[in-house]
Structure formats: C-alpha cells, structure tokens
Amino acid sequence: MIKKPQRLLREGMLANAALHPEKTALVIQGESFTYGQLADGALRVAAALVDHGVRRGDRVAIYMDNSWPCVLSTYGTLLAGAVFLLINPQTKQEKLRFILEDSEAAILISDSHLGNIFIPAVNQAPSVRTVFVAGDIARAEQEIAAGVEALADILAYTPPLKEPVFAIPNDLAALIYTSGSTGNPKGVMQTHQAMVFAAWSLIEYLRLSEDDRIMLFLPLAFDYGLYQLLMTMKLGATLIVERSFTFPAVVYKRLVEQRATVFPGVPTIFSMLLETYKRKAISFPDVTRVTNTAAVLPVECIPFLKKIFPNALIFKMYGLTECKRVSYLEPELLDSKPGSVGKAIPGTETFLLSPAGEAVGPETPGILHVRGPHIMAGYWRQPELSGQMLKAGNLPGERILCTHDWFKYDKDGFLYFVGRSDDIIKTRGEKVSPVEIENVLHGISGIREAVVIGVPDAILGQAIHAFVVVAKSAGLTERKIKKICMANLENFMIPQHVTLVDEMPQSPNGKIDKKRLLESWRV
C-alpha cells in the first residue's frame, strides 16, 4: 500500500493515530498519552475553535507551559486550518500584549496560573474574542471582557471535528516570534510546506526512526523545542516532555526511566551537565543522538559529552528561526573538523558572499546565504525587514535568505562560524570575532562559560569585554585570565576587561543574554 504523502504539518499526527492509536505519543512529566488520545483531543479543540468563529488563516495564540493541553492546542489549531503562535510562558505582560495585538490573534489559549500576565494583556488586545483556559477559570471569567471557556469542558463535551478544515501547503502554519532590532519581537511566517520540508530534512540527517524516544525540556515556543514535537509526530515516535531544565536531577531521572534515545540541548545545558559530571560521573548509555544549536558548542566540551553519552552520535548544528536549520556536521567528522558546523542540510544549499555581493574563496570570511524550501515567507506585516533578509536569487522570482552572519569555509567546503554581524567587534580599526576569543577562554582549565562582547570606548571605538564563569576551585583571577589571553591572542584581540560572574543570564530559550550582561556591566 502506498503511504499518503504528508503535505501539511498536521497530517503526520493523524496518520500515526490511524495506524497505531494505542502507541505512546508523549510522556509528559511521567504521564503517558497515546496517538489516539492526541488525535481525539486535538479534534475537539479544533471543533471549539471553529465554533468560536476561527476561520482558515486566523491566528491562535498559545501561551502555556510544556504540557498536554499545549500540544492539543497546537494540533487543534492546525486541524482548524488556523495559524498557531506559541508564546513562551516566561513572556511578560507588555510583550504578550504586543504579540497578541501585532498578530491580531482571534483566540488565546493559556494556563490559569498565568492569569496575572494574560488577563491584563488580553484586555488591551481587541482582536482576542475568546480565551480558552486550562485550569480554574473563575478569575478569568470575572476580569476578562472577552469570552472565556474552560479547556477541560471543551475536551469533555465538545464533539471532535468531523474532518480538518481545508488547507494547502502554501498556507501559513505558524508565526514564530523572535527578537527584533527595534526591541519588539517580529513574527517569522512559516508555511506548512516549509515546516514539513524542514522536519523531514532534520529527520533524515539525524537518522531518526519511529522507535526513537526524544527528550524535550526546551520551551515549545523555541523553534528548536517545537521541532522535537513536529519530528516525533511525523515519525510516529515518542516524545518525553519536561517543563524545563530548572531541576537537572529530575531530567536525568526521566532520561533513565524513559530510556530516551535523543537529547537536544544548548551550550548552557551542556555546561551544567559537565559540572554535574565533574562532581559525580553520570552516564546515559541509552542516548544514541545528542544535538546542539542556539550557540557554538565549545570544542572542549566534546570529550566530556562522549563520556556522558558513550553510545551517542554528537551533532553540531547551526540555524536561525528564519529557516529553522542551515547546516550540520556529520558526527563522524567531529574530531577531524572540530570547529565546523558542517554543510547545508539535505535538500538545501549555502554560499558565502562579500558585502559587495561577490563570491568568496576558502578561508575568507563572507556573509552566509541560504537557498531551499525551508526559508520563511517573510516577517509578519514587516515588508521592509523582510526585504533585508530575503534577497533576489539567481533564478527569476526566487528569494534567498541572507543570514547577515559571517562564516568562512575550508578547502573541503565545511562551514565555520565567525560571528553575527551585530556581534563583530570593531576595535583599533580591526574587526574581531568574539568566537575566536571565546575559544581561547574555553580552553583555560577552570573556566565553565565565557562570553565576549564589545563595549563603547572613546579611544578604541569598542573595547573587548569578557565575562566568565569559573569553577571555585580553579583559583583564576582577572589578571591570570588576561595573561593566558596575551599568550594565545594577537594584541588587538586581548580583552581590555574581564569580569567574573557567578552565572550567565539566560533568555527564555536557554541562550546567554548578552544584552543583560552589558546592562549589568554599565550599572
């Protein structure tokens, strides 16, 4: 029998629910849910959305923890033909209000314990007609001018939608809000076609199968977290969900109990893993794939990760929300190409251009450009910003993605990250990549984390400022760190300032928040 192609994001989940309804789709904080339960609950949410006037292409905002209701709401939105936007539960009131207003969300779905944030935000967002609430709805009913429905009642009493609302691959599937240069987030428009392609490309190079058990503790609002769910549903695999990595011991226990096979992390999480390992050796032999993105994984981490995950292939990757993923390094090349983020993901192409638009050769820094079906449709209602990222390609009418990030490639065509355009430090008339300095700092025994940024300086233009987290037993001082840098870096690359910090501030997505570091220094 020929399998029906999965053209829409929702179709994988439905196909697997029909094929093996009793198979475990998700294990959420230890509780198991089947594919059959997922399809039934999502169709009930979809029916409620349609009953409340949601039409094809309308936006549905989901402001929730990593939870069963969050997953049901995401797929319910897709089944209703609508566009989902997942909002990190750490988002504060003003930013939530902006996203609701900017997207013109018709429905908000949220958790009752987030009422202090979403109630005033909804009351300032006239597009929101109804709020579905998971948990106690009493306060929301009293204080929200729009309609309020209990998600529990929808799941208990609303009959499932008989068939999904018609959609085609060109339709928008999601708006993914990401940080903007103006201070307000911008909505990345992703079609069904782009997201389905990206999910299958990732599945291919990660060598995943329906037997995999994927760990998730990153926010679903973070596209890295979201795609763990999407890949699981496409494959008919199992996703093991925790709310966060706040309590590492809980995650470690779940890894062992559930025999997770895939561990997606970011450098801050891997740093925490290494610190645990140094105190007490830990090992997770069931894990067969470890993936990293969001920031460069220090080369020094890799030998420790091989001990913590002795049977795992380790994938270094690079990407950005505007196209999900750009490149990956085959794990077999980890030792021979330790600083590389590899080559373009399957079905796509990358190339480097100078600021003047000319192709650059090996070992010459250039701006990374990306071709492929996975690039965004643009930023929601921001044509000027879209034009800065989406450029005319060689084919008539084609648009390619200009990442504005600097890379170089070696003689074999493997990519090496140099720095983001807005991260490059201009000091003493020289352009300095923070990554080069961070690599030296990460090589100093006793340094757990290191971040380098440029700060305004009247004489130098920008001064180089390094923030480092050091192990208490290391005995490192600012002076000792500078001395090691002097022995390993050109004069113009030596940090003028070194600040020891107890921990790095993090964004909700687990990235190091450089803006907060800079603000703390100014204070």
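Of the residues Thr232, Thr246, the single one that is in a loop (DSSP other than H, G, I, E, B) and under 23 Å from Pro69 (Cα atoms) is Thr246. Among the residues of the range 438-471, those that are at pLDDT 80 or above and charged (D, E, K, R) comprise Glu438, Arg448, Glu449.
Restricted to the range 315-335, and to residues there that are crowded, with 20+ Cβ neighbours inside 10 Å, hydrophobic (A, V, I, L, M, F, W, C) and not in a loop (DSSP other than H, G, I, E, B), the residue that is farthest from the chain's Cα centre (by Cα) is Leu329. Out of the residues in the range 485-523 that are farther than 20 Å from Pro298 by Cα and in a loop (DSSP other than H, G, I, E, B), which is modelled with the lowest pLDDT? Per the criteria, the residue is Val523.
To keep it simple, each residue is scored yes or no on (1) modelled with pLDDT of 95 or more; (2) part of a loop (DSSP other than H, G, I, E, B); (3) among the hydrophobic types (A, V, I, L, M, F, W, C); (4) surrounded by fewer than 12 Cβ atoms within 10 Å (Cβ to Cβ).
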| position | (1), (2), (3), (4) |
| --- | --- |
| Thr350 | yes, no, no, no |
| Ile375 | yes, yes, yes, no |
| Pro396 | no, yes, no, yes |
| Asp405 | no, no, no, no |
| Val418 | no, no, yes, no |
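In the range 352-373, which residue that is assigned to a loop (DSSP other than H, G, I, E, B) and touching a Ser or Thr at 6+ places or on another chain (Cβ under 6 Å) is modelled with the highest pLDDT? Outline the logic, then answer.
Taking the range 352-373 as the starting set, the residues that turn out to be assigned to a loop (DSSP other than H, G, I, E, B) are 354-358, 360-365, 372-373.
In the following step, the residues that additionally are touching a Ser or Thr at 6+ places or on another chain (Cβ under 6 Å) were identified as 360, 372.
Numbers: Val360: 94, Gly372: 97.
Ranking the qualifying residues of the range 352-373, first place goes to Gly372.
Taking the range 153-172 as the range and being aliphatic (A, V, I, L, M) and surrounded by 15 or more Cβ atoms within 10 Å (Cβ to Cβ) as the test, the residues that pass are Ile154, Leu155, Leu161, Val165, Ala167, Leu172.
For the range 17-60, the set of residues classified as assigned to a strand (DSSP E or B) and of a type outside the set (Gly, Ala, Ser) consists of Thr24, Leu26, Val27, Ile28, Glu31, Phe33, Thr34, Arg59, Val60, listed by residue number.
Looking across the range 196-216, the residues that are assigned to a helix (DSSP H, G or I) and surrounded by 14 or more Cβ atoms within 10 Å (Cβ to Cβ) come down to Val196, Phe197, Ala198, Ala199, Trp200, Ser201, Leu202, Ile203, Tyr205, Leu206. Taking the numbered list (1) touching a residue at least 24 places away in the same chain (Cβ under 8 Å); (2) among the small types (Gly, Ala, Ser); (3) surrounded by fewer than 17 Cβ atoms within 10 Å (Cβ to Cβ) in turn, Ser32 passes all entries but (1). For the range 185-226, a residue qualifies if it is under 18 Å from Phe263 (Cα atoms), of a type in the set (Val, Ile, Thr) and touching a Lys or Arg at 6+ places or on another chain (Cβ under 7 Å), and exactly one does: Ile203. Screening the range 79-195 for helices (runs of 4 or more DSSP H) wholly inside it with 3 or more residues that are under 26 Å from the mean Cα position of the chain (by Cα) returns the ranges 93-103, 115-123.
Can you tell me how many residues within the range 352-370 are loosely packed, with under 11 Cβ neighbours inside 10 Å and more than 15 Å from Gly413 (Cβ to Cβ)? Residues meeting the conditions: 4.
Look through the range 469-495, keep the residues that are within 17 Å of Ile453 (Cα to Cα) and in contact with a Lys or Arg (Cβ under 8 Å, 6 or more places away or on another chain), and return whichever of them is surrounded by the fewest Cβ atoms within 10 Å (Cβ to Cβ). Filtering first and then ranking leaves Phe492.
In the set (1) part of a helix (DSSP H, G or I); (2) out of contact with any Leu (no Cβ under 6 Å at 6 or more places or on another chain), Phe304 fails one condition alone, (2).
For Ala344, indicate whether it is at pLDDT 95 or above and either outside the structural domain of Ser445 (by TED's automatic domain parsing) or within 15 Å of Phe414 (Cβ to Cβ) (or both). Can you show your working first?
Values: at pLDDT 95 or above: yes; either outside the structural domain of Ser445 (by TED's automatic domain parsing) or within 15 Å of Phe414 (Cβ to Cβ) (or both): yes.
The answer is yes for Ala344.
Looking at the range 268-279, can you tell me whether even one residue there is over 27 Å from Ser209 (Cα atoms) and aliphatic (A, V, I, L, M)? Break it down stepwise before answering.
Of the residues in the range 268-279, the ones over 27 Å from Ser209 (Cα atoms) are 268, 271-272, 274-279.
With aliphatic (A, V, I, L, M) added as a condition, the list becomes 272, 274.
Scanning the range 268-279, I find at least one residue that is over 27 Å from Ser209 (Cα atoms) and aliphatic (A, V, I, L, M), so the answer is yes.
Taking the listed residues Thr91, Thr130, the one that is of a type in the set (Val, Ile, Thr), closer than 28 Å to Ile168 by Cβ and either touching a Pro at 6+ places or on another chain (Cβ under 7 Å) or buried (at least 19 other Cβ atoms within 10 Å of the Cβ) (or both) is Thr130, with no other qualifying. A Cβ distance below 7 Å, combined with a sequence gap of six or more or placement on separate chains, defines the contacts here; from the range 202-223, residues that are among the polar types (S, T, N, Q) reach residues that are surrounded by fewer than 22 Cβ atoms within 10 Å (Cβ to Cβ) in the pairs Ser209/Leu235.
The values are calculated or read from the model by the stated rules, or taken from the named source; none is laboratory data. Owing to the predicted nature of the structure, the values given are computational and were not obtained by experimental measurement. Ideal geometry is used to build each Cβ from the backbone, glycine not excepted, and the neighbour counts take in all protein chains shown.
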